[in-house]
Amino acid sequence: MDFKEGEILCFDKPLGWTSFKVVGHARYHICRHIGEKKLKVGHAGTLDPLATGVMIVCTGKATKRIEEFQGHTKEYVATIRLGATTPSFDLEHEIDATYSTEHITRSMVEETLKQFVGSIEQVPPAFSACMVNGKRAYDLARKGQEVELKAKTLVIDEIELLEYAMPDIKVRVVCSKGTYIRALARDIGQALQSGAHLVALRRTRVGDVRVEECLNPLDFKDWIANLE
């Protein structure tokens with residue numbers, strides 16, 4: 001493999017790792033392998049630390065393809081907890097409000113999910129990497145500042161209820177670039193006249209790359225050592 005000329009690596013990001021850590025881990029072991037101090041390495045699409053799954057990492061000249069990979073359709077499996085919200089719409093923050101779920105039925109959830117298929121408007125989370133006046137939204141939000149983000153148009157190709165085990169529901173989502181599954185959880189909660197937040201997220205596919213085909217970063221040191 002020619003990492004300087006450019007290679008595409010597909011990782012299954014572990015729980016708790018930042019996307020930056022995956023890139024740094026790959027760069028460190030590649031540089032040791034090829035005997036270089038520097039190498040251009042980047043990833044095509046951030047995953048939150050609490051999410052797992054497909055992360056495409058590009059090296060050398062292949063970093064020019066990052067935008068291409070970012071544009072690919074993505075598939076997620078998400079566990080959403082109904083009846084409670086958090087400021088970040090996931091487990092990064094404590095619950096800030098609770099709501100009734102007694103009125104929610106499986107058929108109601110299935111009908112509600114249909115509302116989100118197609119072209120939709122979504123307001124990104126305040127705790128996100130979106131830019132606001134030259135600063136990251138999450139930096140402002142963590143300082144307690146009000147963050148106003150404009151709705152973005154995106155496309156949900158498919159959304160399927162996999163499990164109904166109140167107060168949790170598990171859904172499979174196929175969507176376009178720029179979709180925040182945390183924000184989708186928020187909007188599903190509101191549509192069900194309750195609240196909701198994300199408790200687990202796994203990116204199972206990016207384009208044609210499936211998570212089953214991806215490398216565990218913890219195995220990367222041994223994997224690269226076995227290259228010709």
Fill in: Complete set of residues in the stretch 48-68 that are surrounded by fewer than 22 Cβ atoms within 10 Å (Cβ to Cβ), outside any helix (DSSP H, G or I) and among the polar types (S, T, N, Q)
Thr52
Worksheet item: Hey, among Glu111, Glu102, Glu75, which residue is under 28 Å from Lys150 (Cβ atoms) and either among the acidic types (Asp, Glu) or touching a residue at least 40 places away in the same chain (Cβ under 8 Å) (or both)?
Response: Glu75
Worksheet, complete the sentence: Taking the stretch 23-47 and keeping residues more than 16 Å from Val209 (Cα to Cα), β-branched (Val, Ile, Thr) and either outside any strand (DSSP E or B) or in the same structural domain as Val174 (by TED's automatic domain parsing) (or both) leaves Val23, Ile30, Ile34
Practice prompt. Identify all residues within the stretch 123-175 that are at pLDDT 80 or above, outside any strand (DSSP E or B) and over 19 Å from the mean Cα position of the chain (by Cα); write none if there are none.
Written response: Lys150, Met166, Pro167
Discussion item. Could you check the stretch 194-221 and list, in sequence order, the residues that are at pLDDT 95 or above and charged (D, E, K, R)?
Written reply: Arg202, Arg203, Arg205, Asp208, Arg210, Glu212, Glu213, Asp219
Discussion item. Can you pull out every residue in the stretch 173-212 that is basic (Lys, Arg), touching a Phe, Trp or Tyr at 6+ places or on another chain (Cβ under 9 Å) and closer than 15 Å to Thr52 by Cβ?
Written reply: Arg182, Arg202, Arg203, Arg205
Fill in: Conditions (1) farther than 23 Å from Pro125 by Cβ; (2) modelled with pLDDT of 95 or more; (3) surrounded by fewer than 21 Cβ atoms within 10 Å (Cβ to Cβ); number of the one not met by Lys21
(1)
Practice prompt. Looking for whichever is in contact with a helix residue (DSSP H, G or I) (Cβ under 8 Å, 6 or more places away or on another chain) and either more than 30 Å from Gly144 (Cβ to Cβ) or assigned by TED's automatic domain parsing to the domain that holds Met166 (or both) here; the options are Ile66, Ile56, Ile95. Which one fits?
Written response: Ile56
Fill in: Residues that are in contact with a Lys or Arg (Cβ under 8 Å, 6 or more places away or on another chain) and of a type in the set (Val, Ile, Thr), drawn from the stretch 1-55
Ile8, Val22, Ile34, Val41, Thr52, Val54
Practice prompt. Return yes when Lys221 is over 20 Å from Val54 (Cα atoms) and either touching a helix residue (DSSP H, G or I) at 6+ places or on another chain (Cβ under 6 Å) or part of a loop (DSSP other than H, G, I, E, B) (or both) and no when it is not.
Written response: no
Discussion item. If I filter the stretch 26-41 down to residues being crowded, with 18+ Cβ neighbours inside 10 Å and of a type outside the set (D, E, K, R), which single residue comes out as farthest from Pro217 (Cα to Cα)?
Written reply: Val41
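The values are calculated or read from the model by the stated rules, or taken from the named source; none is laboratory data. Everything quoted here is computed from the prediction, not taken from an experiment. Note: ideal-geometry Cβ built from the backbone for every residue, glycine included; neighbour counts use all protein chains shown.
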